[in-house]
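This report refers to the structure that appears directly beneath it.
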Amino acid sequence: MTLVAEAFAKVNRALVVRGRRPDGYHDLDTVFETIDLTDRLRFEESSDVVLAVDDPAIPSGTDNLVLRAAEALRRAAGVARGASITLEKRIPAGGGLGGGSSDAAVTLAGLVRLWDLDVGPERLAGIAATLGADVPFFLTGGRARGTGRGDRIEPLPDAPPTWFVVLIPPFGCPTPDVFRALDAGPAQDAPADAGLPPERNDLEPAAESLRPELGRMRAALLEAGALASRLSGSGSTVYGVFPDRPAAERGAARVHGLPEFTRIRVVSSVSREEFRKRSEPRPET
Ligand code: C5P
């Protein structure tokens, strides 16, 4: 049997830092939203677990979260099965779009089906959280709130479709560096709140202290007509919010003064139902 699935990217519509944790992580209150930008994965039965990636810039060895996901699942389920996994990479890496985390979540779901394992959603979310703070979100998709390290997921109802102009500069922002820069600045922990976090990203000043270009990119999106512009995750991706597709396309054509080689994408938000349909591993036709 060969299974195929799409792995979606996300943006953070809000990211509030609530404080530092004893484990070195930070307590977050974040709202994730799925966007229509995807990697593609194929899973085939095989004697060993092997990964082929079409992008030579992406590691295909044990550093890759796809292989770490396969190994974590084998260990948790106590099986010694193999799979030949192919990853078509379209989501830029190191950009705060969650591509690697999404690939890992789809790998968990794909291998549960390929190996016919009896691992329920809660256990899968637990395995996902060991792989990275963003991974559990990609088992739910759509719009969701993440608390704790960002790994405690509460699904939110779909919002009306939104269009984004996504700017992906030719450099990444390593997440640990951004959190270190945040810790070096003045402490400004936001107290917990029952309501959804305000639409802001507390990592912006830290990321922009490392990469001042990011602040200029946000300003360029507002000048091009965006209703709001924000950093996604720890960057380096910056996005602008637009009410509909024509407005987003006009904005994308108008935006200027970006770092050389910045990629510009116009993408829509993705409902939970569409996420489920396209990310659920299915037999290749
Ligand atoms: O979980 P993940 O491997 O994606 O996190 C990468 C790094 O980002 C962590 O090692 C930590 O430095 C930082 N981080 C954090 N607080 C979070 C999530 C990530 O400090 N909630």
About its Cα centre, what dipole magnitude does the stretch 188-266 give when the only charges are +1 on Lys and Arg Cβ and -1 on Asp and Glu Cβ, stated in debye to the nearest 20? 380
Those chymotrypsin sites (Phe, Trp or Tyr not before Pro) in the stretch 193-285 that DSSP places in a loop and that have at most 16 other beta carbons within 10 Å: F261
With no solvent and one equal point scatterer placed on each C-alpha of the chain, evaluate the Debye formula and give log10 I(q)/I(0) for q = 0.10 Å⁻¹, two decimals. -0.51
For the residue pair A93 and E45, what label-to-label distance in nm results when each label sits 7 Å from Cα along the Cα-to-beta-carbon direction? 3.1
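On full extension of the chain, what length is gained from A52 through F261, given 0.36 nm per residue of separation minus the C-alpha to C-alpha distance? Walk me through the intermediate numbers first.
Details: separation 209, 0.36 × 209 = 75.24 nm, distance 2.67 nm.
Computed gain between A52 and F261 is 72.6 nm.
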Here the stretch 223-234 yields Karplus 3J(HN,Hα) values (6.51, -1.76, 1.60; θ = phi - 60°; whole Hz; Gly and Pro given as x) of 4, 7, x, 5, 5, 7, 9, 7, 6, 9, x, 9
Tell me the trypsin sites (Lys or Arg not before Pro) within the stretch 58-99 that lie in a loop according to DSSP and have at most 16 other beta-carbon atoms within 10 Å. R90
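In the chain, which longest range has no GluC sites (Glu not before Pro) that are both DSSP loop (not H, G, I, E or B) and surrounded by at most 16 other Cβ atoms within 10 Å?
On the way: sites that count: E199, E260, E284.
Answer - 1-198.
Stretched out fully, how many nm does the piece from F171 to E223 gain, at 0.36 nm a residue minus the Cα gap? Provide the component values of the computation, followed by the final result.
Values: separation 52, 0.36 × 52 = 18.72 nm, distance 2.27 nm.
Taking F171 through E223 to full extension adds about 16.4 nm, to one decimal.
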The chain: angle of helix 65-77 to the longest principal axis, Cα-based, in degrees nearest 10: 50
Residues meeting the amide H criterion for L156 (H placed from the backbone, H to H distance under 5 Å, 5 or more places apart or on another chain) are R143, A144, R145
Mind giving me the nanometre distance, one decimal, between the label points for D183 and E122, set 7 Å out from Cα along Cα→Cβ? 3.3
Gain on full stretching of the segment that runs from R152 to E249 - 0.36 nm per residue minus C-alpha separation: 31.5 nm
For I58, I85, I127, order by how many other beta-carbon atoms lie within 10 Å, fewest first: I58, I127, I85
Once both labels are modelled 7 Å past Cα along the beta-carbon direction, what's the M1-R216 spacing in nm? 5.3
Which order do R40, R263 fall in if you start with the one that has the fewest other Cβ atoms within 10 Å? R263, R40
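Computed from the coordinates by the stated procedures, all read-outs in this text should not be read as laboratory data. Predicted model, so just to flag it, every value in this text is computed and none were measured. Heads up, the Cβs are rebuilt from the backbone with ideal geometry, glycines too, and the neighbour counts pull from every protein chain shown.
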